[in-house]
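Worksheet for the structure shown next.
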Amino acid sequence: MSITGPEATFAAVLAPFAAAAIAPFATRLLGANAAWPLALVPAAIFLFFAGLVPEVAGGASFAPAVDWVPAYGVSFSFYVDGLSTLFALLISGIGTFIILYAGGYLKGHPHQGRFLSFLFLFMGAMLGLVLGNDLITLFIFWELTSITSFLLIGFDHLRAASRRAALQALVVTGGGGLLLLAGFLMIIALTGVTDMATLLAGGDILREQALYPLVLLLVLGGAFTKSAQFPFHFWLPNAMEAPTPVSAFLHSATMVKAGVYLLMRMHPVLGDTALWTTILPIFGGITLLVGTLLAVRQTDLKLMLAYTTVASLGLLVMLTGTSWDKAIEGAVLYLLAHSLFKGALFMVAGTIDHEAGTRDVTRLGGLRGAMPITFAAACLAALSMSGLPPFVGFIAKEYLYDGIWGASGAHLTITAVAVIGNALMLVIAAAVALKPFLGPKVETPKHAHEGPVLLYAGPVALSLAGLAAAVMAHATGVYFISPVVSSVLGTATVVDVHLVPGYIGAALILSLITVALGIVLYLKLDVLRAQMQRLLAAIGWGPDKGFDQVIAGLVSFSGSFTRLVQGGRLDVYMTLTFLVTALALLVPLTLTGNWPSAVPMPDLRFYEWGILAIAVSGLIAVLIAKTRLTAIVSLGIQGFAVAVIFMLFGAPDLSFTQFMVETLSVVILALVMTRLNLRPRDHRPLVPRVVQGTIALGVGVGLAALLMRVTELPFDRSLSDFFETYSRTIAHGRNIVNVILVDFRGFDTFGEIAVVMLAGLCVLALIRVRPKHAREEAFDRAAGDEALQKSGEARL
Amino acid sequence: MRTVIFRTIAPYLAALMVLFSIFVLLRGHNEPGGGFIGGLIAASAFAIYGIGCGVAAVRRAITFHPMSIAAAGLFLGGVSGLPSLFTGQPFMTSQWWYVHMLGVEVPLSTPLFFDIGVYLVVVGAITSIALGLEERESD
């Protein structure tokens, strides 16, 4: 694995996983300051990808790969092009500051090391997702992001709300992931192509398939759940239960963009069809409007930002869904702008929460004097979010307006949705960035003051990056926007990005309308919020509640189904098990006409007859035994007789094992019987006696017939010959049975001992299960003992 | 069950059986025996000891929880498959070393360690079941 050039992509993706292993120890050693050295890891990754930018901007792409499961054509491979490089830069760049921020935010937290570890795991998963070339590689990293996000949202696992949010996110995004897997497998099955690079080079390879609509829907299922599109948007605001560094990283800048990434990535092969340009703008548009309207209702800074994230994702999906070149240019610019300003604003919200003790916007005000640096960063980021010059957010808005207006002029609905959405976005930006800082000073739960450098480094850097990207618009266009747009459109495209609009056109006018509308709405924010709250109260139901209903329904369904199938009566289970066994033995024998032919009386020696007689007498003893214990022991007689037969016919290993198994099963059965508190004698009424006797006979006859039939068939000696020949030469052992167990078929044995161990665990658990009241008594007794012991100690 | 004779003889019997089980385990590659059967013998030894002298005595004697012994065995079984990976062969390809100890050539191999793993799993799992059942007031 080389550390320079495209091959080092492997090292870059694996580095965060290594950092995740180190993070807890580093934190134990250095405390919160561990964030400084740890942040070097994402910084190095950022520099590595930044080093690739000139080549990628020149149109180059790399696909380093190693074989993974060659038998199924699965490789561990990455695809580095404009789109994935931009995402990798965002993940590692923002990640650097998030690690620093997490160092300051969770300073002194007992599990800070674990938290940083989770963050690194996520970072690695996310890098793998955006760089993944092989579809299976991509999918595995996709699922890893869901799992690490589950760990991060549920980090504060003692709170029920966190646990619920974590589970909800996992169910929604994980469920979508399964759809995506189905989609990928269909792509592989239909085209035979297993990697993204080949697929993208294939042109219409997917669009000409009859099953294209199904593939598209499955992929959209994955993308929409991950990117929180309506009606799956509800998990994202709930995920705000996570500590703020998580919200800033996963739920604004990176993970939620995975869906958008996938849509952009697959646009050249899936996009630009009637289905695509219908579904995506509709869902994206609804998400944009719903997101901004729900954001207005909130008073919690993080929730306001979360809903605008939903809205922004909707906007991106809508723009990608139009498949218009210009709109996609706008989408790419907006993607960059959004990652920068939203990451910064989340960190600002977290800093306010951290330093002032609340993030309720109605209880905040006048913090500008106490937190000047944070205020400055908030203003810069909010200006970008509002789409005002001279920030990259402004350029993005110009381009996207230009794109949707200029496309064919008639798409008024999309334009109107975008204008309303952006105006509301401006309202929220102002509310988040201005409300807490301006106005008279409001008493906050904590005495507010500026946070440490770990806390403001991120917001300042990201908001300044938003400014720099706009000021150096030409370079941004050449190095970042053009390569990405080329990737998304599938053809080399040059986007000339400039800060000052070239002409006074529709875009500028739409921008002015947006700003004016935004300012009017901001002044009426309180009225708007009250109206929204009333409206939502009137509706009363949302997908969030629906999720709970679905989960509750699932639990109660599986509960009643389990009660139906497992009534809890051992005799019913036993009867059913043996009945099914008898049928499985007898029915195929009869249907296929495979009953054994009459066997002539075997020619046995007198001692062999003797052993048979012992076995039969053991069985008779079982049947006539007066008590259960006698029956169990008598069963052992028959077992030992069989063991002797094995011995006589030259199978000492088998015989040995049979002896031990027989002994142990008698011991264990006897022990079980003593615990079950059964009556020593077994009296059954006539009817069950006949029924159960018939079933038992059926199993016995069936098994005997099957064995006899098997021995009638010609014996294939090839395996025996193989083992006899090679057991000494290859495996250095004379005992063929043992050599087979531990060497030739060692992997089977490995599985078997795992089963033995699991069975042991299950039995142990079953032995310890006691009726509820008995458990409580034991608990009370233990508690009493403890109290006694304590009082005794006190006396001493 | 707990007659004086049985109680007196059980520890010696159990000790002999454990010794025998190890003998059976080690000779398994060439003569009848092996980890599975050895494990069964050792498990019966502990069961007898438990019936004779009580479960607490067995638990003291084996130090670890029987389930931990089984887990260690499974782990050993898995790890014993790894050395072949370093020589570029598939997982679980057997590796042999001939070590000279005290003037005797002792063949060591990964299947031997695998077999010891099997032994431990069987001892651990069955002993934990047997002890669990023997303990009346377990919790």
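The values are calculated or read from the model by the stated rules, or taken from the named source; none is laboratory data. Since the model is a prediction, treat every value here as computed from it, not as a measurement. For neighbour counting, all protein chains shown are included, and Cβ atoms are generated from backbone atoms with ideal geometry for every residue, glycine included. SASA here: full protein model, heavy atoms, side chains in, ligands and nucleic acids out. Shrake-Rupley method; radii C 1.70, N 1.55, O 1.52, S 1.80 Å.
Among the chymotrypsin sites (Phe, Trp or Tyr not before Pro) within segment A:661-724, those in coil by DSSP and having at most 13 neighbouring Cβ atoms inside 10 Å are A:Phe715.
Can you tell me how segment A:568-713 classifies by the Cα gyration tensor, rounded, prolate or oblate, using a/c under 1.5 as the rounded cut?
oblate
Dimensions of the protein assembly as shown along the principal axes, based on C-alpha atoms and rounded to the nearest Å, stand at 113, 76, 71, largest first. Three principal axis extents of segment A:317-410 based on alpha-carbon atoms, in descending order, are 50, 23, 20 Å. In this rough spin-label picture, where each label sits 7 Å from Cα along the Cβ direction, the A:Leu703-A:Leu554 distance is 4.0 nm.
Over all residues in B:70-81, what is the mean tally of Cβ atoms on other chains that come within 10 Å of each residue's Cβ?
Values: counts 6, 3, 0, 3, 6, 0, 0, 7, 3, 0, 3, 3.
Neighbouring Cβ atoms belonging to other protein chains average 3 per residue here.
Over segment B:4-134, what portion of Cα pair distances is larger than 26 Å, expressed as a whole percent?
Taking all Cα-Cα pairs of segment B:4-134, the fraction more than 26 Å apart is 31 percent.
Under 1.5 on a/c is rounded, so check that first for segment A:448-601, then, if it is not, pick prolate when a/b is larger than b/c and oblate when it is not; a ≥ b ≥ c are the square roots of the alpha carbon gyration tensor eigenvalues.
It is prolate, given that a/c is not under 1.5 and a/b is the larger ratio.
Mind checking the mean number of beta-carbon atoms from other chains within 10 Å of the Cβ atoms in A:761-769?
Numbers: counts 6, 1, 7, 10, 1, 2, 7, 4, 0.
Per-residue shielding by partner chains comes out at 4.
For segment A:204-212, the Karplus equation 6.51 cos²θ - 1.76 cosθ + 1.60, evaluated at θ = phi - 60°, returns couplings of 7, 3, 9, 5, 8, 6, 5, 8, 3 Hz by residue, with Gly and Pro reported as x.
Could you state how much accessible area is buried at the A-B interface, both sides summed, with a 1.4 Å probe, in Å² to the nearest 100?
Numbers: alone 38270 and 8720 Å², together 43160 Å².
That pair of chains buries around 3800 Å² in total.
The calculated FRET efficiency for A:Thr362 paired with A:Ile539, based on their beta-carbon distance and R0 = 22 Å, is about 0.40.
I need the GluC sites (Glu not before Pro) found in segment A:347-449, filtered to DSSP loop residues with at most 15 other beta carbons within 10 Å of theirs.
Numbers: sites: A:Glu355, A:Glu398, A:Glu443; in loops: A:Glu443.
Taking segment A:347-449 and a limit of 15 other Cβ atoms within 10 Å, the loop GluC sites (Glu not before Pro) found are A:Glu443.
For segment A:453-461, backbone phi angles converted through the Karplus equation (6.51, -1.76, 1.60; θ = phi - 60°) give residue-by-residue couplings of 4, 4, 7, 9, 4, x, x, 5, 4 Hz, Gly and Pro being listed as x. The stretch between A:Thr627 and A:Thr277, if pulled fully straight at 0.36 nm per residue, gains 118.2 nm over its current Cα-Cα span. Once the C-beta distance of A:Asp204 and A:Ala60 is scaled by a Förster radius of 35 Å, the resulting FRET efficiency is 0.90 to the nearest 0.05.
Ranked by solvent-accessible area (1.4 Å probe, protein heavy atoms only, all chains present), the residues B:Thr93, A:Thr351 order from largest to smallest as B:Thr93, A:Thr351. Spatial offset of segment A:655-707 relative to segment A:267-321 amounts to 65 Å, using the alpha carbon center of each. FRET efficiency for the pair B:Ile22 and A:Ile730, taken as 1/(1 + (r/R0)^6) with r the Cβ-Cβ distance and R0 = 25 Å, rounds to 0.45. Shown are A:Glu208, A:Glu329, whose ranking by accessible area with a 1.4 Å probe and every protein chain present, most to least, is A:Glu208, A:Glu329. Across the protein chains, with a 1.4 Å probe defining accessible surface, the residues A:Trp324, A:Trp405 rank A:Trp405, A:Trp324 from largest area downward.
So what is the 222 nm mean residue ellipticity for chain A from helices alone, if each DSSP H run of at least 4 adds -39500 (n - 2.57) and you divide by all residues, rounding to the nearest 500 deg cm²/dmol? Before the final figure, lay out the partial values.
On the way: 32 runs with 578 residues, N = 796.
Calculated at 222 nm, the ellipticity per residue is -24500 deg cm²/dmol.
In terms of its alpha-carbon gyration tensor, segment A:38-107 comes out oblate; a/c meets the 1.5 threshold, while b/c is at least as large as a/b. Label separation (A:Ile614 vs A:Ala416): 9.5 nm, computed from points 7 Å beyond Cα along the C-beta direction. Were the residues from A:Leu713 through A:Ile373 laid out at 0.36 nm apart, the gain over their Cα-Cα distance would be 113.7 nm.
Nothing charged except the Cβ atoms of Lys and Arg (+1) and of Asp and Glu (-1): what's the magnitude of the dipole of the protein assembly as shown about its Cα centre? Round to the nearest 20 debye.
On the way: 53 positive and 52 negative charges, 590 e Å.
For the protein assembly as shown, the charge dipole is close to 2840 debye.
Comparing B:Leu82, B:Leu102, B:Leu120 in a Gaussian network model of chain B where C-alpha atoms under 10 Å apart are linked, the largest mean-square fluctuation is found at B:Leu102. With N the number of residues in segment A:402-506, Rg(Cα) / (2.2 N^0.38 Å) evaluates to 1.52. Fully extending the segment from A:Val769 to A:Val500 would add 89.4 nm, taking 0.36 nm per residue of separation and subtracting the current Cα-Cα distance. The modelled label-to-label distance for the pair A:Met647/A:Leu30, using points 7 Å beyond Cα in the direction of Cβ, is 7.0 nm. Any chance you could tell me what percent of the C-alpha pair distances in segment A:553-641 go past 19 Å? Counting pairs separated by more than 19 Å, the tail of P(r) holds 70 percent.
Per residue of B:118-125, how many C-beta atoms from partner chains lie within 10 Å of its own C-beta, taken as a mean? Before the final figure, lay out the partial values.
Values: counts 8, 1, 2, 9, 5, 0, 3, 10.
For peptide B:118-125, the averaged partner shielding equals 5.
Sparsely packed loop sites in segment B:34-114 (the chymotrypsin sites (Phe, Trp or Tyr not before Pro) outside DSSP H, G, I, E and B with at most 13 other Cβ atoms within 10 Å) comprise B:Phe64, B:Phe91. Looking only at segment B:93-110, which residues have a backbone nitrogen under 17 Å from a spot 7 Å from the Cα of B:Val79 in the C-beta direction? Within reach of a label on B:Val79: B:95, B:109-110.
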